[in-house]
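The values are calculated or read from the model by the stated rules, or taken from the named source; none is laboratory data. On a predicted model such as this, the values are computed, not experimentally measured, just so you know. Note: ideal-geometry Cβ built from the backbone for every residue, glycine included; neighbour counts use all protein chains shown. Note: areas computed on protein heavy atoms with side chains; ligands, DNA, RNA excluded. Shrake-Rupley method; radii C 1.70, N 1.55, O 1.52, S 1.80 Å.
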Amino acid sequence: MKTIQKHIPNGNKVTKVIAVFLALSFLTLACNNSDQTSRLDVRLTDAPGDYQQVNIDIQQVEVHSESGNQTGGWKALEVQKGVYNLLELTNGLDTLLATAELPAGRISQIRLILGNNNTLKIAGVVSPLSTPSTQQSGLKLNVQAELKEGVTYTILLDFDAAKSILEKGNGTFSLKPVIHALSEPTSGAIRGVVTPLVSAPAVFVLLGSDTVATAYTDESGKFLVRGVPAGNYKVSFDPKVGYTGVQKENINVTVGQITDLGVINF
């Protein structure tokens with residue numbers, strides 16, 4: 001994973017500017033730590049077909065989510081709209097299609113809505129692909145995945161091009177998408193509680209001297225560091241002036257799990 005930034009521990013001198021910056025950062029970000037959300041990435045790949053190009057016009061991606069006892073309904077994701085040649089996404093290649101922060105809980109379905117610019121290229125000839133039902137209501141796929149707060153998940157849409165193209169008797173072609181949706185977690189998270197509350201530390205997850213992820217405590221002293229890759233880390237707590245920092249060594253993070261550090265005392 002690329003380094004986000006270098007971690008610089010508290011030294012003997014801390015300027016007022018840095019202190020004010022940390023305080024403002026705490027006020028801005030603390031509320032985000034209490035939000036019970038997960039990150040979801042939707043990626044697109046393809047099983048090869050005997051064509052030169054299979055171009056799919058993707059306009060919208062939605063998921064049907066639930067949060068606690070409340071039914072969340074359909075939620076539109078931030079999608080990379082455009083025409084995708086599926087045959088460029090074979091042999092282990094994929095591309096990021098959409099992403100979102102969603103309430104932790106269950107997602108049951110994903111819906112893919114296509115535009116009008118779907119085409120097929122065979123022997124140098126480009127032909128339109130008709131997709132009437134998909135254009136009107138969207139293609140719904142069952143997912144049934146449980147999202148834990150702070151964890152990043154990927155849904156891989158495996159588009160089977162060979163089974164999705166139907167040739168009609170008049171020589172035209174239609175698209176009846178055959179897609180397998182595979183869901184899996186791709187990161188873990190770290191949480192805990194800091195006391196006393198007035199310390200209000202920044203939390204750094206370190207791999208060697210590199211900062212992998214950061215967070216701040218909320219108004220109750222709780223923190224949740226999201227999207228941490230699997231590995232063994234050092235977690236550093238840098239409090240406000242007047243308190244001594246704390247470090248925790250050998251913190252193991254597992255994909256799909258939340259590592260709980262319990263209570264951190266200053």
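Among the listed pairs K75/K163; K75/K140; K222/K248, those whose Cα-Cα separation exceeds 18 Å are K75/K163. Annotation for T90 and N250: the two label points, set 7 Å from Cα along the Cα-Cβ direction, are 4.9 nm apart. Out of every Cα-Cα pair that region 148-196 contains, those further apart than 14 angstrom amount to 69 percent. Backbone geometry of region 169-175 corresponds, through the Karplus equation with coefficients 6.51, -1.76 and 1.60 at θ = phi - 60°, to 3J(HN,Hα) couplings of x, 8, x, 8, 10, 10, 10 Hz, x marking Gly and Pro.
Find out how many positive minus negative residues lie around G262, taking Lys and Arg as positive, Asp and Glu as negative, among other residues whose Cβ is under 14 Å from that of G262. The partial results should precede the final answer.
Values: positive: R191, K222, K248; negative: D260.
With Lys, Arg at +1 and Asp, Glu at -1, the net is +2.
Amide H to amide H, with H built 1.01 Å from N, V42 comes under 5 Å of L97, A98, T99, I155, counting only residues 5 or more places away or on other chains.
Enter the accessible area per residue of region 102-203 (Å², integer; probe 1.4 Å; all protein chains in place). Please report the intermediate quantities before stating the final value.
Working: 4530 Å² over 102 residues.
On a per-residue basis, region 102-203 sits at 44 Å².
Any number yet on Rg/Rh for region 110-185, C-alpha, Kirkwood?
Details: Rg = 15.6 Å, Rh = 14.3 Å.
Rounded to two decimals, Rg over Rh is 1.09.
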